[in-house]
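Participant: Got a structure here, written out as structure tokens. Questions coming.
What follows is calculated from the coordinates using simple rules that are stated; it is not laboratory data. What you are looking at is a predicted structure, and each value in this text was computed from that prediction instead of being measured. Because the Cβ atoms are built from the backbone with ideal geometry, glycine has one as well, and the counts that use them run over all protein chains shown.
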Amino acid sequence: MEKIPSFLKDHDLITPGFYVSTEDKDLTTYDLRFFYPNSGRFMSYAAIHSIEHIVATVLRNNRLKEDVVYFGPMGCRTGFYLIMRDTPPAKALQYFIECAQTALELNEVPGSDKKSCGNYLEHNLSAAKKHLFAYLKGLKKH
């Protein structure tokens with residue numbers, strides 16, 4: 001079986017940041033790497049879950065919402081994927097930063113009640129904000 005593109009990347013060379021992972025016609029998958037792969041540092045499920053809820057909600061409620069296809073976690077818990085339609089990297093990065101800053105202002109996790117979420121008991125907004133803030137701070141250094 002052929003390896004998928006993300007498994008062809010040398011994970012020893014991946015650093016935290018915002019990268020183009022794959023491009024397919026009008027869709028671009030962005031790798032939002034919060035931690036170095038295989039470093040022993042990764043996010044808890046509760047933090048990832050809350051980041052997914054707060055960031056996805058803000059991404060889908062702002063000016064480029066029609067271009068957002070998907071936002072979700074990597075299985076390795078070191079980052080997220082953002083899939084956007086017809087959005088060049090600089091524009092996608094700026095949009096993500098704007099939306100993440102708005103997400104940091106939320107005081108509750110949207111859609112975290114029993115009727116709206118399949119695992120509503122596993123959220124950690126404070127840990128989510130801590131990781132998101134550190135990620136944004138790291139992006140500004142580059």
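Participant: Among the residues of the stretch 121-129, is there at least one that is surrounded by fewer than 16 Cβ atoms within 10 Å (Cβ to Cβ) and not in a helix (DSSP H, G or I)? Break it down stepwise before answering.
Facilitator: Within the stretch 121-129, the first condition is being surrounded by fewer than 16 Cβ atoms within 10 Å (Cβ to Cβ), and the residues that meet it are 121-122, 126.
With not in a helix (DSSP H, G or I) added as a condition, the list becomes 121-122.
Within the stretch 121-129, one or more residues are surrounded by fewer than 16 Cβ atoms within 10 Å (Cβ to Cβ) and not in a helix (DSSP H, G or I).
Participant: Moving on. Out of ALA47, ALA92, report the one residue that is part of a helix (DSSP H, G or I) and within 18 Å of PHE18 (Cα to Cα).
Facilitator: ALA92
Participant: Another question, if that's okay. From the list TYR36, TYR45, exactly one residue is among the hydroxyl-bearing types (Ser, Thr, Tyr), over 20 Å from SER6 (Cβ atoms), more than 13 Å from the chain's Cα centre (by Cα) and surrounded by 13 or more Cβ atoms within 10 Å (Cβ to Cβ). Which is it?
Facilitator: Every option except TYR45 fails the conditions.
Participant: Going through LYS137, LYS115 one at a time, which residue ends up being assigned to a helix (DSSP H, G or I), without any contact (Cβ under 8 Å) to a residue 24 or more places away in the chain and surrounded by fewer than 18 Cβ atoms within 10 Å (Cβ to Cβ)?
Facilitator: LYS137 is the lone residue from the list that is assigned to a helix (DSSP H, G or I), without any contact (Cβ under 8 Å) to a residue 24 or more places away in the chain and surrounded by fewer than 18 Cβ atoms within 10 Å (Cβ to Cβ).
Participant: Next question. Of all residues in the stretch 29-43, how many are polar (S, T, N, Q) and either in a strand (DSSP E or B) or touching a helix residue (DSSP H, G or I) at 6+ places or on another chain (Cβ under 6 Å) (or both)? I'd like the intermediate steps shown before the answer.
Facilitator: Start the filter on the stretch 29-43 by keeping residues that are polar (S, T, N, Q), which leaves 29, 38-39.
Now restrict to residues that are either in a strand (DSSP E or B) or touching a helix residue (DSSP H, G or I) at 6+ places or on another chain (Cβ under 6 Å) (or both): 29.
Selection size over the stretch 29-43: 1.
Participant: Scan the stretch 82-89 and give yes if some residue there is within 19 Å of SER44 (Cβ to Cβ), surrounded by fewer than 20 Cβ atoms within 10 Å (Cβ to Cβ) and in contact (Cβ under 8 Å) with a residue 40 or more places away in the chain, otherwise no.
Facilitator: No, every residue in the stretch 82-89 fails to be within 19 Å of SER44 (Cβ to Cβ), surrounded by fewer than 20 Cβ atoms within 10 Å (Cβ to Cβ) and in contact (Cβ under 8 Å) with a residue 40 or more places away in the chain.
Participant: Show the residue pairs meeting these rules: Cβ distance below 8 Å; 6+ apart or different chains; first residue within the stretch 91-107 and on the phi < 0 side of the Ramachandran plot; second residue assigned to a helix (DSSP H, G or I) and of a type in the set (Lys, Arg).
Facilitator: Pairs that qualify, where the first residue is on the phi < 0 side of the Ramachandran plot and the partner is assigned to a helix (DSSP H, G or I) and of a type in the set (Lys, Arg), are LEU104/LYS129.
Participant: Go through the stretch 56-67 and report how many residues are touching a strand residue (DSSP E or B) at 6+ places or on another chain (Cβ under 6 Å) and either in contact (Cβ under 8 Å) with a residue 40 or more places away in the chain or in a strand (DSSP E or B) (or both).
Facilitator: Final tally of qualifying residues: 1.
Participant: Can you pull out the residues in the stretch 63-99 that are more than 13 Å from the chain's Cα centre (by Cα) and either under 27 Å from SER39 (Cβ atoms) or among the basic types (Lys, Arg) (or both)?
Facilitator: Once the filter is applied, which keeps residues that are more than 13 Å from the chain's Cα centre (by Cα) and either under 27 Å from SER39 (Cβ atoms) or among the basic types (Lys, Arg) (or both), the stretch 63-99 yields ARG63, LYS65, ARG85, PRO89, LYS91.
Participant: Moving on to the next point. Being within 21 Å of LYS140 (Cα to Cα) and in contact (Cβ under 8 Å) with a residue 24 or more places away in the chain narrows it down to one of TYR45, TYR36, TYR19, so name that one.
Facilitator: Exactly one of TYR45, TYR36, TYR19 is within 21 Å of LYS140 (Cα to Cα) and in contact (Cβ under 8 Å) with a residue 24 or more places away in the chain, namely TYR36.
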